[in-house]
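Only one structure is covered here, and it is reproduced in the block below.
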Amino acid sequence: MIRTVTRGEDATRSLGCRLAQVLEEGDVVLLVGGLGTGKTTFVKGLAEGLGCAEEVTSPTFTICHTYSGRLDVVHADLWRLERVNEIRDLALEEALEGGAVLVAEWGEAAEPMFGAEALVVRFSEGDSEDSREVEIDPSPIFEGRLGALEAAVGVGASG
Ligand code: ADP
Ligand code: MG
C-alpha cells in the first residue's frame, strides 16, 4: 500500500500524470472515494500522462469516454451501476483486450469483476479543504512494477 497526501487540485492531477508512467496496455485502475474527493481530477492527469491531448470531462451521463494517447484510455463512471452485468454490457473487457487502459470512477462497483487485477486508488478528505488522502493499493499482478510505482508517486510504501 502506498499512501500520500495531495494539497490542491494540481497535486492530484500531477499524481495521476506520474502514475500513468507505469501503466501498460490492459491495466485497470479503479478509483474509489466520495463525491468531490478528486477522482476526475486524477483521471485528467492520468490521461495527460498517457499523451491524450483531449481534455477529460466527467463521464457521469455518458458512462464511458475513450481518449487516444500513447495508450488509449477508457474512462468510465460506474456511479449507479450496481450489477456486474450492467458493467459487462459496457464492453470494458473488449477495450482492455484491445490494449486500452481502463480507469473507472466509483470503481468499487467493478471490484467483483476486475479487483484481483486492478490498481485500486482510494481518495478521502484530508485535514483541510484542499487536501486529499490517497491510498494506492496494487494487486499482486503489479508486483514487478512496485518500485517503479513508488518512484513515480514519489513516496515510500507502507502497510
Ligand atoms: P470527484 O470526481 O471525486 O467527484 P473531482 O475531481 O471532480 O472529484 O472534484 C474535486 C474537487 O475538489 C474540485 O473542485 C477540486 O478543485 C477540489 N479539490 C480541492 N483540493 C483538491 C485536491 N487536493 N485534489 C483534488 N481535488 C481537490
Ligand atoms: Mg468525478
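Using only side-chain charges placed at the Cβ, +1 for Lys and Arg and -1 for Asp and Glu, the dipole size of the chain relative to its Cα centre rounds to 260 debye. Scaled against 2.2 N^0.38 Å for its residue count N, the alpha carbon radius of gyration of the chain is 0.94. For a label point 7 angstrom out from the Cα of Ser128 toward its Cβ, which stretches of the range 1-28 have the backbone nitrogen within less than 11 Å? Counting only backbone N, you get 7-8.
Put in order of Cβ neighbour count within 10 Å, fewest first, the listed residues Arg132, Arg18, Arg70, Arg80 become Arg80, Arg70, Arg18, Arg132. Annotation: the residues Lys44, Lys39, sorted from fewest to most other C-beta atoms within 10 Å of their own C-beta, follow the order Lys44, Lys39. Calculate the length of the line joining the C-alpha centroid of the range 86-116 to that of the range 22-70, in whole Å. Distance between centres, Cα-based: 13 Å. Under the combined filter of DSSP loop state and at most 10 neighbouring Cβ atoms within 10 Å, the range 31-104 retains these chymotrypsin sites (Phe, Trp or Tyr not before Pro): Phe61.
For the range 71-133, applying the loop criterion from DSSP together with a ceiling of 10 other beta carbons within 10 Å to the GluC sites (Glu not before Pro) yields Glu82, Glu129.
Put in order of Cβ neighbour count within 10 Å, fewest first, the listed residues Arg7, Arg13 become Arg7, Arg13.
No lab work stands behind these numbers, since they all come straight from the coordinates. Remember, predicted model here, so these are calculated numbers, not experimental data. Heads up, the Cβs are rebuilt from the backbone with ideal geometry, glycines too, and the neighbour counts pull from every protein chain shown.
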